[in-house]
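Asks: Sharing a structure below in structure tokens format, with a few things to ask.
Just so it is clear, none of the values below were taken in a lab; they were calculated from the coordinates. From a predicted model like this one, the values you see are computed outputs, not experimental measurements. Don't worry about glycine lacking a Cβ; one is built from the backbone with ideal geometry, like all the others, and counts go over all protein chains shown.
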Amino acid sequence: MARTVAAVADTVGPMSSKGHVALIRGINVGGKNPVPMVELRAAFEACGFGNVSTYIQSGNVLFDADAKPSELEPQIESAMEDRFGVPLVVVVRTRRQLADVVDKAPPGFGTQPDTYHSDAVFLRSPLTPAKAMKVVALRDEVDAAWPGKGVIYFQRLSARRTQSRMNKIVGTPEYQNMTIRSWNTTTKLRTLLDDR
């Protein structure tokens with residue numbers, strides 16, 4: 001039985017080594033590819049995953065599995081396309097991997113939300129941070145970016161956000177192996193996985 005994210009957040013128990021999060025790109029964004037969360041949870045349960053829950057409407061699914069992320073990603077993508085009829089990009093992280101993304105962020109990253117918009121750009125193999133950084137365009141005095149393990153940390157000056165060059169990555173071939181989450185969503189997902 002799927003549980004709501006509220007139920008997961010209220011349940012504090014031993015940390016699961018099987019805990020994963022799937023970051024699905026391209027659903028419920030700007031009215032495109034609408035997928036109800038109850039159907040998304042059902043699709044994951046049909047794959048045999050346990051302890052399935054979702055967080056907000058933008059394609060964040062927490063679940064338990066024994067396989068590695070690199071094995072889970074194509075399995076989930078295939079299941080999602082079969083069920084919903086659209087090809088989707090899926091990036092999977094374990095609880096430990098997501099914790100590392102948060103814990104190893106650049107000093108001060110995400111700590112000034114009134115001044116900067118901060119995002120985590122999650123990368124899927126074979127895309128490496130070094131290759132991804134080559135297509136990350138930066139505008140002086142607006143944008144800043146740092147490579148991490150399986151992630152690019154991207155920060156934009158809020159007052160000049162419309163001048164940011166972050167959207168330049170969307171049209172690149174490398175973007176097919178990326179999905180972006182706000183820093184607030186990233187840290188919340190980490191907390192939810194830790195609380196499972």
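Asks: Roughly what percent of Cα-Cα pairs across the range 99-187 reach past 17 Å?
Replies: Here the tail beyond 17 Å accounts for 43 percent of pairs.
Asks: Helix 183-194 against the longest principal axis of the chain: what's the angle in degrees, Cα atoms only, rounded to the nearest 10?
Replies: 30 degrees
Asks: Let me know the charge dipole size of the chain about its Cα centre in debye, to the nearest 20, where only the beta-carbon of Lys, Arg (+1) and Asp, Glu (-1) is charged.
Replies: 440 debye
Asks: Normalising by the residue count of the chain, find the relative contact order in percent from Cα pairs under 8 Å and 6+ residues apart.
Replies: Reported as a whole number, the value is 26 percent.
Asks: If you don't mind, another one. Could you tell me what a quarter of the Cα convex hull surface of the chain works out to, in nm² with one decimal place?
Replies: 11.0 nm²
Asks: Hey, another quick one. Sort 59-67, 95-103 by packing, meaning the average of other beta carbons within 10 Å per residue, with the highest value first.
Replies: Put in order of decreasing packing, that is 59-67, 95-103.
Asks: Here's another thing I want to ask about it. In the chain, how many lysine pairs have Cα atoms under 24 Å apart, counting only pairs 8 or more places apart or on different chains?
Replies: 19
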